[in-house]
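In what follows, a single structure is set out as structure tokens and then discussed.
The values are calculated or read from the model by the stated rules, or taken from the named source; none is laboratory data. Quick caveat: nothing in here was measured; it's all calculated off a predicted structure. In this analysis, Cβ positions are derived from the backbone assuming ideal geometry, glycine residues included, and neighbour counts consider all displayed protein chains. Each accessible area value is taken on the protein alone, full model and side chains, heavy atoms only, with ligands, DNA and RNA left out. Shrake-Rupley method; radii C 1.70, N 1.55, O 1.52, S 1.80 Å.
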Amino acid sequence: MGGANNALFFFFSFLVFVADASIEEIRAAAMVHARDPGAADEVYRRYLDEFPDAMHLHGLVLHGAGETARGVGFIEKALEIRWDPTFLSNLGELKRSIGDLDGAIAALQGACPPECRNLAVASREAERWDLLEVASRHEKNRLDLGDALQKQRKFEQAEIVFGDVVEEGVDDVDRALVGWGVTAQQTGRLDVAAERYRRITNSSSPAGHQALVNLATISHERGDLDAAIASYESILRTRPDDAQALNNLGAALVTIGRHDEAVRVLERCGGQQPQALTNLAMHFANEGELGKAREHLRRARKRDKNNAGLVIREVTMMAPMATTTIELCLERVALAIRVAAALKNFSATLVNPVSSVEQIHFYLPYGGFVDRPLQEAIANLYRKLSPELQFFTRVKAQRPAKKRRVGFCSKFFGSFEPHGLLLEGVVKYLPRDKFRVVLLPVASPGRQASDFLLNATDELILLGLNFYENRGLIANAELDILVYADMLSEPMTYFLGFSRLASVQVVFWGNPVTSGRHEIDFFVSADRMEIEENLVHSCHYTEQVVLLGGQGIWYRKPSPPHHPSPPQNEDNKNALRFLLPQSNFKIHPEFDKIILEILRRRRRTDEVEIVVTEGRRERWTNILKKRLPGAKFVPRAKPSEFANFVSSFDLLLHPFPFGGSRTSSDGLAAGVPVLTRPTGSLRGRMAASFYETMGLTDPKWSLVARSSEEYVEFAIRLTNRTHLREVTRAVRERSHLIWERMEVVEEWSKFLARVPLLSHRDLYDSGNLVAAKKSMEPFVSDDLLIDYGAILQQLGEYEAAEAALRKSLALNPTNQIALNNLAVTLHESGRLAEARVVYQQTSGDVALYNAANALRDAGDVPAAIAKLREVLGDDDPIPFLFEPANHRPFFDNSYILSRNSLVVMEGTSLKIPETIESPPTDDELDPFGGGGGGGAYEKSLVLFHLIVQPFGGGGRKDDVLAVLAHNRNQPFLKVHCLVEKNESFVQDFVVIGRRLRFSDASIYARKYLPRDALVVIANADIAFDESIKRLTPLYLQDTVVALAPWESKHVFRPRVDSQDAWVFSNRNSRLFDVDVEIGRPRCDNFIAAHLRKHVRLASPSLAVRALHYHQKNRSSIHTYASPTEIKGPSAYVRLTDQWLF
């Protein structure tokens, strides 16, 4: 919709109804305004000081003359004198025409009723899809409505709107078919989308052309790059300036490595298409030209202000290579600072991260640092910005006598790709009486999974490039165990790894670095490739590490190279040739010193030639040439020719800190010695594992160095031809030992057969502590002793818990988590004096909280308060229980535990923080677009469905009846009583035969309530008033509200550990499928910990009152007697100072 379609309104209504010559003259001028604005304006100017209508109309004349900014000033002045909806409508259109979209929207919304036609245009231009939805509903424009719903990812609603238009055959059916197809495409139904597009590919309409472009993108998403490129080129032959086709063609050319051609294509549309600017930015980033990359990203952001992916690309951008170690370290620090700042300050929604981000931080591991902290921080950033990443399929426990379904997923299963080669033996030789093997290759342009893997697998599921389709395909495969061969090489597997798609999820070392996220249960490594100290302190891995015994690496026995005549040094044909064959970005600046020292120490300048393979990009090679003067550079060999290429050299120089398994195995297969220096982490220890199998680790062989200095000494020693021949002969005689090591398959088989199909973390999170303990028992490594002790403590097995925790402390005596858990174990087993001694060794808020509780439980509440005040001082603890003003709650129990405990012990009433605004007026309670039922601008009646279980015991019957009568009398509440047994004092009830559980309420809601219903689960003694109407359907789409109780209508004691009511959309009701009784101790903390993994939680308990009703004598209040409190994880929900939603 363009600006030419927008209407300026020349009608006006005077507040004066008495005939007046001046008014009549202005009215007459307005009648001729359209055909003679100059003449009309002469009249307007005579009355500018008297009538706001003259100011308004003069502003329109100025707009027509190209002086819109001046025109805006006159209309705003008119509005200062008199409010008029026509003034506001025209002011909005003038502001839109000069690019002030926020001002335009504010003005158009202010008109009464709002001017929705123009508002729709302004909202589209500002990408305010929520407002476009409201405006298009008002205008009954279904195509705009479908677009707005689609942009907000309300795909089910968009599907209905577009489908209705197509079925009825009214409006613009071609446009509706495109929208209908896009809805299917964005939800991963590519076949459905293609069928819808094909219905109009012969149409000459703009929608028909768009359908052709979208069909090409489907080929692109499926990884059929040849078909996609052919389609884009065909489209561009008829429309050479089509920005979308140009951009997509450029992106496809980048993917297949035709970089120069891609840049030329992208530059043709760079000024039109933000995505083209983005693709150019990524090209420059991969070149290492970060300045140019950031410049293009910023230009793209100016054209696409709401694209969070552009911000994240800039945050996580890394240069492939550095010129010096200092530059590498500074860039690493800068990356950490950017990520920390984004975590703290950046708030947006990242939609479809695979396509929004496209390139992840692949170069992170090559710096040789401990990557776990950054990996976890970056994962948390994505988790914060893209809640849809956390998808949980229904995992099924393995039934007895059934084979375990094990899936292997990667984009790199090709014939010469190490990630697949490393797993060939596992895929082929896992015992089929125990396992069914499923191969899940992600589409990779120009190559497919190797014939070996395709023939070895039991089942093949081909994954395309559509994230949502792939996620659905894997979920539908019902895997017991999902193994990712890599998780940092490309975005598809990286982002799939945020979902729970199988009972057990494993990452292998295709990328030898932790995933940094709790959704991955295990990291498979080998005992030869890890340092025990690193595992004890858990400094490298987020996951539980599985150590395969022995070599840990399986490679097929290679075909022997044909050993061509080696290329000669033209200056000295007798020179030895040492090869550094790794990718340029794997060569650390610190390793340069090794190469330069070897070159310096050659006994004769022509005795040794060091050869380096060129990079995939010319700029990379040029950087390395400057770093390694004196080295010779040769072109990279094709993968199929690499073994023969390597065989023409005398020695391979294996770099560190990042080595690799494939390059070293290629050298050994060719009978060429590989000089290596194992480092302290997996990424630098693979070649050494081969030599341990071959029995060649002794220093006399000059192959496995223990230091940088020894590496240089060994290299110089190997220039002795007699020694080199002896070493080469030993390598060739023993290399057969490293191939097809069946103990590797046996180790995998043992692990995959024994691993519990629900991890101890999942079982703990579900409250099933007995099963969690059982699942850990075969795998209790030193780094899991704390978890194991915590589970035993919650089960009441205090002696065993103490033993596990003391064993952990023997390994690390200052571990604060282990100390705190030991103190809690002693505390709960009744050994308070011993617990206090251990608490004194701890620090932090959790320890303070527990130490205070120990005093409280000993009956000394004043001492407990004093203990808390000793650390917290005299500060008011209440503000710490509130979220910051951005209203995006986060969970940090350790930060608020002691403050909450102090508020509870002191019985503090609310002292309203200064940040809290005044309560809203009635008008403010009906925010624009916030309603849900009737007309868009009328006060709508939102109905909340309240699910409760009334009870009559414990002297609370009168309280419960009073609350029930009150709630049933509210027109905005419909009460549903699910009772344990037939209660004579309750009318209209459903008997469920047991105490109400969260799962009972959620199942009832899905079965009997409308799909879009707003549902409340509350204790039976919680009363509600009209303040609950502040929660709109729009707000509850992606938020679950937890409400802390008020003591009376005017008294609120802020607590973050007690939620007596939960409010949510019925669309999210499955989140409450938790088999936990409502009202049991810690049930609210347990459900909060469960919900926070799936949805945004908020506690606007000041704005929405949940009144805890009770009689004066509170000592008689009955609570259900429970043998134990709810065990398992817990979380608190901080309060927000939010009034409007």
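Couple of notes before you dig in:
- Trp1139 meets the conditions (1) open to solvent by less than 30 Å² (accessible area, probe 1.4 Å); (2) part of a loop (DSSP other than H, G, I, E, B); (3) over 20 Å from Ala772 (Cβ atoms); (4) modelled with pLDDT of 80 or more in every case but one. The failed one is (4).
- Taking the numbered list (1) open to solvent by 10 Å² or more (accessible area, probe 1.4 Å); (2) closer than 13 Å to Lys586 by Cβ in turn, Glu607 passes all entries but (2).
- Some residue of the stretch 1058-1070 being surrounded by 22 or more Cβ atoms within 10 Å (Cβ to Cβ), hydrophobic (A, V, I, L, M, F, W, C) and more than 23 Å from Asn969 (Cα to Cα): no
- Scanning the stretch 225-275 for residues that are among the β-branched types (Val, Ile, Thr) and either in contact with a Cys (Cβ under 6 Å, 6 or more places away or on another chain) or not in a helix (DSSP H, G or I) (or both) yields a single hit, Ile256.
- Single match in Asp1000, Asp1012 (criterion: at pLDDT 90 or above and acidic (Asp, Glu)): Asp1000
- Selection within the stretch 252-269 - touching a His at 6+ places or on another chain (Cβ under 8 Å) and either open to solvent by less than 20 Å² (accessible area, probe 1.4 Å) or closer than 15 Å to Ala211 by Cα (or both): Ala252, Leu253, Ala262, Leu266
- As a summary of the residue check, Cys409 satisfies the conditions (1) part of a loop (DSSP other than H, G, I, E, B); (2) of a type outside the set (Phe, Trp, Tyr); (3) modelled with pLDDT of 95 or more; (4) open to solvent by less than 20 Å² (accessible area, probe 1.4 Å) except for the one numbered (1).
- Scanning the stretch 596-644 for residues that are part of a helix (DSSP H, G or I) and free of Cβ contacts under 8 Å to residues at least 24 places away in the same chain returns Arg600, Glu618, Asn622, Lys625, Glu641.
- Asn455 meets each of the listed conditions (1) free of Cβ contacts under 8 Å to residues at least 60 places away in the same chain; (2) in contact with a Ser or Thr (Cβ under 9 Å, 6 or more places away or on another chain); (3) outside any strand (DSSP E or B) apart from (2).
- Filtered by the rule that a residue be touching a residue at least 60 places away in the same chain (Cβ under 8 Å), part of a loop (DSSP other than H, G, I, E, B) and either touching a Gly at 6+ places or on another chain (Cβ under 7 Å) or open to solvent by 10 Å² or more (accessible area, probe 1.4 Å) (or both), the stretch 481-491 gives Ala485, Asp486, Ser489, Glu490.
- Of the residues making up the stretch 93-109, one or more are at pLDDT 80 or above, under 18 Å from Arg124 (Cβ atoms), open to solvent by 10 Å² or more (accessible area, probe 1.4 Å) and touching a Lys or Arg at 6+ places or on another chain (Cβ under 6 Å).
- Filtered residue count, the stretch 952-983, keeping only those that are under 25 Å from Val1104 (Cα atoms) and either open to solvent by less than 30 Å² (accessible area, probe 1.4 Å) or touching a helix residue (DSSP H, G or I) at 6+ places or on another chain (Cβ under 7 Å) (or both): 12
- Subset of the stretch 374-397 that is open to solvent by 50 Å² or more (accessible area, probe 1.4 Å) and in a loop (DSSP other than H, G, I, E, B) - its residue that is modelled with the lowest pLDDT: Ala397
Here's the yes/no breakdown for (1) in a helix (DSSP H, G or I); (2) surrounded by fewer than 18 Cβ atoms within 10 Å (Cβ to Cβ); (3) not aliphatic (A, V, I, L, M):
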residue: Ala341; (1), (2), (3): yes, yes, no
residue: Ile360; (1), (2), (3): no, no, no
residue: Pro365; (1), (2), (3): yes, no, yes
residue: Val370; (1), (2), (3): no, yes, no
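- Of all residue pairs spaced 6 or more apart or on separate chains, those with beta-carbon atoms under 8 Å, a first member in the stretch 282-298 that is more than 17 Å from Thr323 (Cβ to Cβ) and open to solvent by less than 50 Å² (accessible area, probe 1.4 Å) and a second member that is assigned to a loop (DSSP other than H, G, I, E, B) and not aliphatic (A, V, I, L, M) are Met282/Glu358; Met282/Gln359; His296/Gly270.
- Residue within the stretch 662-670 that is among the hydroxyl-bearing types (Ser, Thr, Tyr), at pLDDT 95 or above and in contact with a Leu (Cβ under 8 Å, 6 or more places away or on another chain) present: no
- Looking only at residues of the stretch 653-676 that are open to solvent by less than 10 Å² (accessible area, probe 1.4 Å) and part of a helix (DSSP H, G or I), we find that the one that is nearest to Arg732 (Cα to Cα) is Leu668.
- Filtered residues of the stretch 492-507 (kept if in contact with a Lys or Arg (Cβ under 7 Å, 6 or more places away or on another chain) and either part of a helix (DSSP H, G or I) or within 22 Å of Gly223 (Cα to Cα) (or both)): Met492, Thr493, Leu496, Gly497
- Residues satisfying the stated conditions in the stretch 432-460, i.e. open to solvent by 40 Å² or more (accessible area, probe 1.4 Å) and not aliphatic (A, V, I, L, M): Arg432, Asp433, Lys434, Arg436, Gly446, Arg447, Gln448, Asp451, Phe452, Asn455, Asp458, Glu459
- Counting only helices (runs of 4 or more DSSP H) that sit wholly inside the stretch 138-213, those with at least 1 residues that are at negative phi, within 29 Å of the chain's Cα centre (by Cα) and among the polar types (S, T, N, Q) are 142-151, 155-168, 173-186.
- Among residues of the stretch 286-310, those that are assigned to a helix (DSSP H, G or I) and closer than 24 Å to Thr217 by Cα, counted: 9
- Counting only helices (runs of 4 or more DSSP H) that sit wholly inside the stretch 677-781, those with at least 3 residues that are at pLDDT below 90 and either on the phi > 0 side of the Ramachandran plot or among the hydrophobic types (A, V, I, L, M, F, W, C) (or both) are 769-776.
- Taking the criterion of being open to solvent by 10 Å² or more (accessible area, probe 1.4 Å) and free of Cβ contacts under 8 Å to residues at least 60 places away in the same chain, the residues of the stretch 729-748 that qualify are Arg729, Glu733, Arg734, Leu737, Glu746.
- Selection of strands (runs of 3 or more DSSP E) fully inside the stretch 1019-1126 by the criterion of at least 2 residues being farther than 23 Å from Leu964 by Cα and either modelled with pLDDT under 85 or in contact with a strand residue (DSSP E or B) (Cβ under 9 Å, 6 or more places away or on another chain) (or both) returns 1039-1043, 1096-1098.
- Consider the stretch 61-92 and keep the residues that are open to solvent by less than 10 Å² (accessible area, probe 1.4 Å) and touching a Pro at 6+ places or on another chain (Cβ under 8 Å). The one that is nearest to His33 (Cα to Cα) is Phe87.
- All conditions in (1) over 25 Å from Thr1039 (Cα atoms); (2) open to solvent by 20 Å² or more (accessible area, probe 1.4 Å); (3) touching a residue at least 24 places away in the same chain (Cβ under 8 Å) hold for Asn352, with the sole exception of (1).
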